[in-house]
Amino acid sequence: PLEKIKTGCQPVIEQNENDRAVLIANCGEIHVLDLKSFSVVHSIRRYALSYSVAIHDGLIFTTANDQSAGDHNGIVVFDMSTGKEVARLPISASTIAIKGNILLAAGTPAFAGGPGSWHMETYQIDTEAIRNGRWQEVNVVQQCRQAAVQLADTKDLYGAISLCKQAG
């Protein structure tokens, strides 16, 4: 119930186009809200202290921008209809935004301890590839191709195998 949601730790809300919204509350819990009934549809456990959130085509894109994320830095994607995690994209960002099917990933700004410039990249979102896992296959193929190039250059078989394994 909504009564259990405390709005400490700078709450954030992002509205979806289908009478749903995402509320970040209780210092990092993600709640999918039904705006018609004002009820919580799903609650997603806390995995970081601070998030940047964007919604696209029923997917919640979030990023952890603190050390509590450990090895899970990058953009984490959840399905709004199920509350389940569907992807961990290896895109480093402290702030994200989505317009249309374009994701803007921005690094830590200079005023917040980042480098002298504010690094930003854009990515085209393929929601079907994210939902069915095809994005990971592309990542593995690219990483293993890079491993093959490294093997040809350095003749380090175990280094190339390690590089390929890192892709999953």
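A few remarks follow.
- Inter-residue pairs, beta-carbon under 6 Å, first without any contact (Cβ under 8 Å) to a residue 24 or more places away in the chain and in segment 118-130, second surrounded by 15 or more Cβ atoms within 10 Å (Cβ to Cβ) and of a type in the set (A, V, I, L, M), 6+ apart: 120/106; 122/104
- When residues in segment 122-168 are screened for being hydrophobic (A, V, I, L, M, F, W, C) and open to solvent by 80 Å² or more (accessible area, probe 1.4 Å), 2 of them pass.
- Number of residues in segment 120-146 that are assigned to a helix (DSSP H, G or I) and either of a type outside the set (Phe, Trp, Tyr) or at pLDDT 80 or above (or both) equals 18.
- Elements of the type strands (runs of 3 or more DSSP E) sitting completely within segment 1-100 and holding at least 2 residues that are of a type in the set (A, V, I, L, M) and at pLDDT 75 or above: these cover 20-25, 29-34, 39-44, 51-56, 59-64, 75-79, 85-89, 95-99.
- Taking first residues from segment 21-38 that are closer than 14 Å to residue 58 by Cβ and open to solvent by less than 20 Å² (accessible area, probe 1.4 Å) and partners that are assigned to a loop (DSSP other than H, G, I, E, B) and at pLDDT 80 or above, the Cβ contacts under 9 Å between residues at least 6 apart in sequence or on separate chains come to 21/35; 22/80; 32/80; 32/81; 32/83.
The values are calculated or read from the model by the stated rules, or taken from the named source; none is laboratory data. These numbers come from a predicted model, not from an experiment. Because the Cβ atoms are built from the backbone with ideal geometry, glycine has one as well, and the counts that use them run over all protein chains shown. The protein model used for the area step is the full one, side chains on, heavy atoms only, and it has no ligands, DNA or RNA in it. Shrake-Rupley method; radii C 1.70, N 1.55, O 1.52, S 1.80 Å.
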